[in-house]
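The values are calculated or read from the model by the stated rules, or taken from the named source; none is laboratory data. What you are looking at is a predicted structure, and each value in this text was computed from that prediction instead of being measured. No Cβ is skipped: glycine too gets one built from the backbone with ideal geometry, and neighbour counts run over all protein chains shown.
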Amino acid sequence: MRLALPKGRLQQDTASLLERGGVGVEGYDGSARTYRLTSSAFPDLKCRIFQERDIPVQVAIGNYNLGVCGRDWVEELMARYPSEDLMVLRDLDYGRCELYAAASSRASVSSVGEINRKFDRVRIVSEYPNLAEAFAMKQRFKRFSILPICGAGEAYPPESADLAVIAATSPDYFDRHDLVPLERIVTSRACVIANRRGLSQSDHSRLLTCLQPADPCPAEEWILPVRHRRVKQGSAKQKEAVRLALPDGHLSITCAGFLDRAGVKLDGYGGRDATRRPTIDIPGTSVKVIRPQDMPLQVANDSFDLAITGEDWLLDHLYRFPTSPVEKILTLGFGAVRLVVVGSADFPAKCAGDLRELARKGTLPLLRVASEYVNIADRYVLDNHLARCKIIPTWGASEAFIPDDADLLIENTETGETLKRHNLKIIDTILQSSACLIGRRGILSHGTKKRVAGQVVEILKQGLQ
């Protein structure tokens, strides 16, 4: 039996579910130093920890018999790839979130109908692009575009999107992010999912008995705060400001330190008072905080003029869009990582030459490569003539895929210690990456924003000294 368990938001409650049911998965509460766990109560049970979004895919294709994840990610997968093999067995009593289509309170709209009447093309940003597209089709929007992102959807409306299809984990979420919820799309809780064929081929009844909610799922409705729309729009001066994107997550700590060394004063970036819209003391500049993975595409789409991201994410973008208008302006030096090719400790290759030789001899009928960097992985496979390969997109926690579900990873690492802890070895290094400033081609040489953009670049150069 194989069970896929979620990392992140649902992990602690899922650990309590396993403990309450007597499954005996030691270390899943966060003390584990591996993504591969076993059960004392079920000796034949293999547990793997994945990012929640990957779990429905792994169960649908039959790599795992059972999984625990949010129903929102099940619905997202099924909206585009309906599968008779993926089934929801039961909802659990935790992990509630509400998936809504929401607009900025500054957009002067209070209903989906107004959106349809007001905009010739509706821009929809979401981590859930399949559900967002299904929603737009249901609403019969005249024209729409879906902007897929990795997260931080609340930061985009109204300047970079008209709607965000976004998951709220509490009733005050929209109020905190200055959004107006327009229509609910999905009510989600953690759920137990299964592969239908896997259930029919073996008996999982004893394990499923352990995966029961402690209490019936509460049915109460959220009472969302009433927000009054703001009719006043941003001034022309604000609209002409240079739009700078800063990274969230672990890169935000080192980025904040770099900006401090450069003499930049930010209010609301990092710390307990962090916001998606910090203020900056560079006149004519506005700031938003988003995922670094999303920055190259968002700069290319003209949602931002400048952004601080990783060279690895810029390269992945340029491999997919070679004619993209995005270019690197400055190498900033912090947040250094290596992008490496990784295999299990006993994988029969020590270098790229060994991989090519394995491919030439046909030793591996199908080489499975898992990565968040899908385009870099695809280029690496082509450049090294690794025929008969399958690229497996992931959303993090990629170490869990080896060796059962992938042969190789293309992953970033700072020291390599995490890889060693998961019994993995580095086979090849693709590039050395650090943070960089990117921008749209020509931003410093022409247009109304060149003076302020040039000033931002000169200020950031102070942090390099």
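What single numbered condition from (1) in contact with a Lys or Arg (Cβ under 8 Å, 6 or more places away or on another chain); (2) crowded, with 21+ Cβ neighbours inside 10 Å; (3) assigned to a helix (DSSP H, G or I) fails to hold for GLN462? Going through the list (1) in contact with a Lys or Arg (Cβ under 8 Å, 6 or more places away or on another chain); (2) crowded, with 21+ Cβ neighbours inside 10 Å; (3) assigned to a helix (DSSP H, G or I), GLN462 breaks only (2). So is VAL289 out of contact with any helix residue (DSSP H, G or I) (no Cβ under 6 Å at 6 or more places or on another chain), surrounded by 18 or more Cβ atoms within 10 Å (Cβ to Cβ) and either part of a helix (DSSP H, G or I) or not assigned by TED's automatic domain parsing to the domain that holds LEU444 (or both) or not? It is false that VAL289 is out of contact with any helix residue (DSSP H, G or I) (no Cβ under 6 Å at 6 or more places or on another chain), surrounded by 18 or more Cβ atoms within 10 Å (Cβ to Cβ) and either part of a helix (DSSP H, G or I) or not assigned by TED's automatic domain parsing to the domain that holds LEU444 (or both).
Considering each residue of segment 343-365, count those that are among the basic types (Lys, Arg) and at pLDDT 90 or above, and give that number.
Final tally of qualifying residues: 2.
Here segment 159-173 is the region considered, the condition is being under 11 Å from ALA101 (Cβ atoms) and either in contact with a Phe, Trp or Tyr (Cβ under 8 Å, 6 or more places away or on another chain) or among the polar types (S, T, N, Q) (or both), and the residue that is surrounded by the fewest Cβ atoms within 10 Å (Cβ to Cβ) is ASP162. I'd like the full set of residues that are over 27 Å from LEU339 (Cβ atoms) and surrounded by 14 or more Cβ atoms within 10 Å (Cβ to Cβ), limited to segment 414-455. Those that are over 27 Å from LEU339 (Cβ atoms) and surrounded by 14 or more Cβ atoms within 10 Å (Cβ to Cβ): LEU444, LYS449, LYS450, VAL452, ALA453, GLY454, GLN455. None of GLY27, GLY62, GLY67 is touching a strand residue (DSSP E or B) at 6+ places or on another chain (Cβ under 7 Å), modelled with pLDDT of 90 or more, part of a loop (DSSP other than H, G, I, E, B) and not assigned by TED's automatic domain parsing to the domain that holds ASP172 except GLY62. Residues in segment 69-124 that are hydroxyl-bearing (Ser, Thr, Tyr) and either over 30 Å from PRO56 (Cα atoms) or surrounded by fewer than 22 Cβ atoms within 10 Å (Cβ to Cβ) (or both): TYR81, SER83, TYR94, SER104, SER105, SER108, SER110, SER111. Listed by position, the strands (runs of 3 or more DSSP E) enclosed by segment 300-412 that each have at least 2 residues that are surrounded by fewer than 17 Cβ atoms within 10 Å (Cβ to Cβ) and over 20 Å from the mean Cα position of the chain (by Cα) are 326-331.
I want to confirm something. Restricting to segment 427-453 and keeping residues that are touching a helix residue (DSSP H, G or I) at 6+ places or on another chain (Cβ under 7 Å) and of a type in the set (Gly, Ala, Ser), which single residue is nearest to ILE282 (Cα to Cα)? Residue satisfying both the conditions and the ranking: GLY439. Residues in segment 1-24 that are touching a strand residue (DSSP E or B) at 6+ places or on another chain (Cβ under 6 Å) and among the basic types (Lys, Arg): ARG2, LYS7.
Counting only strands (runs of 3 or more DSSP E) that fall entirely inside segment 99-177 and contain at least 2 residues that are hydrophobic (A, V, I, L, M, F, W, C) and free of Cβ contacts under 8 Å to residues at least 40 places away in the same chain, the qualifying elements are 144-148.
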